[in-house]
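Report on the structure given below.
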Amino acid sequence: MLGFAGNRKWVYVQHIDGKFQRIRRWTFLALHVVLFVTPWIYVGGHPLLRLDLPGRHLFAFGAVFTASDTVLLLLIGLFLAFALFFFTSLFGRLWCGYGCPQTVLLDTWIRPIERWIEGEWTTRQRRDRQGLTWALVWRKAAKWSLFAGAAILVSMAFMSFFAGARELWTGQAGGVAYTLVGIFAAGWFLDFAWFREQLCNYLCPYARFQSALTDDRTLLIGYDAARGEPRGGKDAKLDGRCIDCMKCVNVCPQGIDIRNGFQLECIGCARCIDACASVMGKLGHESLIGYSSLVELAQGKGARRLLRPRTAVYGGLLATLAATLAFLIATRVPFEASVVRAPGSLATLDPDGWVRNTYLLRVANNAADGGPARFQVSVEGLPRAQVIAPDLRLRPQEGQLAPLVVRLPASADAVPRTLPLRVRVAGPAGERVLETTFKTGETGERASVGP
């Protein structure tokens with residue numbers, strides 16, 4: 001658990017700054033805003049983004065989605081999946097280096113805390129090799145205490161998207177929410193204190209299937225062996241070859257040597273690019289490490305091609321999903337309606353000779369805000385039908401279950417036992433048509449007469 005046992009090759013990461021690290025810091029800042037600020041923003045009295053699992057509601061950007069919108073959630077999931085496929089086929093592990101929560105938190109919180117308390121990477125390495133000392137113990141204890149605090153803060157922020165930020169941070173959420181916070185915090189602490197790069201190497205499934213999404217023209221981080229080899233020698237500085245300073249290895253959070261070629265463990269964080277640029281730049285040469293494809297490394301510049309069969313297929317699927325999702329959202333009716341036959345009730349012959357069918361109509365107003373909305377009920381398919389329906393006026397997020405009675409004059413002629421029937425529910429922002437049936441009671445016997 002201390003991280004310096006003989007059976008674990010601990011990675012001591014050297015701090016590095018550079019162009020790509022500044023880009024990553026701005027990206028990390030935006031992701032922190034999403035994590036910590038978004039749960040506190042409300043639109044029309046509802047959270048900007050919140051998944052209410054007990055209530056089966058998704059609040060998103062002023063709209064409210066319910067279980068009836070499952071197809072939209074499915075399309076959103078497919079869109080995100082194919083977006084990952086599409087950008088991976090173009091730019092490799094862009095997600096891992098710039099957007100993965102573990103990468104963001106380790107580079108933003110954990111490694112700065114570690115460097116602040118235990119010193120630079122060489123100092124940490126030397127102190128760990130000395131074994132148990134008072135200086136080692138108190139520094140580890142202080143560091144792990146801050147790691148635990150960071151794990152709790154991150155877990156609380158994450159659970160705010162499910163339990164509500166106001167309720168969670170003021171102690172008003174349920175026991176299940178705080179139990180989940182504890183479970184997530186324990187997992188994050190284990191990752192911060194010990195697991196780290198092993199999560200990427202052994203548990204993350206993305207590293208395993210990314211090879212099926214990339215090809216020889218995918219943009220990856222690569223070492224230009226044609227310019228860099230052979231390494232070292234007294235003329236390396238003048239020739240612009242690799243001087244074998246090992247800085248690209250020392251800054252790598254995965255503990256790999258990018259000069260050995262593309263490796264599964266590489267997360268595309270570009271730390272080695274900035275490290276090589278900081279050394280070769282002082283010598284008046286370009287960095288030997290950069291974003292390039294395998295074909296480009298073999299054939300030289302000019303071999304890059306973004307439009308390929310793989311990217312065209314992924315891009316076409318992504319565009320189709322986006323268009324379908326946009327259409328469904330634009331034509332979405334913000335209320336639910338369903339109709340079922342009243343339990344134990346088929347057809348009843350009233351004293352006035354009319355056949356009565358009784359249904360249960362459920363209408364739910366899913367609007368995020370606004371005043372009460374009126375919903376009108378009508379019946380289609382039975383020209384002479386008499387409809388008895390309540391006046392439905394529902395506030396936002398209110399639902400009502402009401403009886404719906406449909407009556408039809410009894411006919412002396414033979415009629416089918418079952419007639420198709422459509423119930424139309426019209427609201428301020430659209431309408432829904434529900435399919436059901438009307439039972440005439442004609443089976444050679446008259447229907448029973450109601451009281």
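We did not get these values from a lab; they are worked out from the coordinates using the rules stated. Remember, it's a predicted structure, so these values are computed and weren't measured experimentally. Here the Cβ positions follow ideal geometry from the backbone for every residue, glycine too, while neighbour counts run over all protein chains shown.
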Self-check item: Furthest towards positive pole of dipole, Ser89, Leu264, Val339, structure part the chain, Cβ charges
Solution: Leu264
Quiz item: Between rounded, prolate and oblate, where does the stretch 39-190 land on the alpha carbon gyration tensor, with a ≥ b ≥ c its root eigenvalues, rounded for a/c under 1.5, else prolate if a/b exceeds b/c?
Solution: oblate
Practice problem: Tell me the trypsin sites (Lys or Arg not before Pro) within the stretch 187-217 that lie in a loop according to DSSP and have at most 16 other beta-carbon atoms within 10 Å. | Solution: none
Self-check item: Debye, to nearest 20: dipole size of the stretch 1-332, +1 on Lys, Arg Cβ, -1 on Asp, Glu Cβ
Solution: 520
Exercise. Provide Tyr359, Tyr178 in ascending order of the number of other Cβ atoms located within 10 Å of each residue's Cβ, fewest first.
Key: Tyr178, Tyr359
Quiz item: Rounded to the nearest 500, what is the chain's calculated 222 nm mean residue ellipticity when only DSSP H runs of at least 4 contribute -39500 (n - 2.57) each, over all residues?
Solution: -11500 deg cm²/dmol
Practice problem: Give me the net charge of Ala385's neighbourhood, meaning all other residues with Cβ under 15 Å from the Cβ of Ala385; Lys, Arg count +1, Asp, Glu -1. | Solution: +3
Quiz item: Sorting Asp216, Asp224 on the 10 Å Cβ count, fewest up front, what's the list?
Solution: Asp216, Asp224
Self-check item: All-pairs alpha carbon distance profile, the chain, 10 Å steps from 0, percent
Solution: 4, 15, 19, 18, 14, 11, 8, 6, 4, 1, 0, 0
Quiz item: Normalised by the residues of the chain, what does the relative contact order come to in percent, with Cα pairs under 8 Å and at least six apart?
Solution: 15
Quiz item: How would you classify the stretch 175-250 from its alpha-carbon gyration tensor, with a ≥ b ≥ c the square roots of the eigenvalues: rounded for a/c under 1.5, else prolate if a/b is greater than b/c, otherwise oblate?
Solution: oblate
Exercise. Determine which aspartates and glutamates satisfy two conditions relative to Lys234: a Cα distance under 14 Å, and not lying fewer than 8 residues away in the same chain.
Key: Asp244
Self-check item: Local net charge near Asn260, Cβ-Cβ under 15 Å (Lys/Arg +1, Asp/Glu -1)
Solution: -3
Quiz prompt | Cleavage-rule hits (chymotrypsin sites (Phe, Trp or Tyr not before Pro)) in the stretch 1-104: DSSP loop, at most 12 neighbouring Cβ within 10 angstrom | solution = Phe61
Exercise. Anything over 29 Å Cα to Cα? Flag those among Lys9/Lys143; Lys143/Lys282; Lys9/Lys282; Lys9/Lys140; Lys140/Lys282, in the order listed.
Key: Lys143/Lys282; Lys9/Lys282; Lys140/Lys282
Quiz item: With the dipole of the chain worked out from charges on the C-beta (+1 for Lys and Arg, -1 for Asp and Glu) around the Cα centre, which of Leu75, Leu29, Ile273 lies farthest toward the positive end?
Solution: Ile273
Quiz item: What is the stretch 91-147 by shape, rounded, prolate or oblate, if you read a ≥ b ≥ c off the alpha carbon gyration tensor as root eigenvalues and call it rounded for a/c under 1.5, prolate for a/b larger than b/c, and oblate otherwise?
Solution: prolate
Quiz item: Using the 10 angstrom Cβ neighbour count as an exposure proxy, how do Ile23, Ile113 rank, fewest first?
Solution: Ile23, Ile113
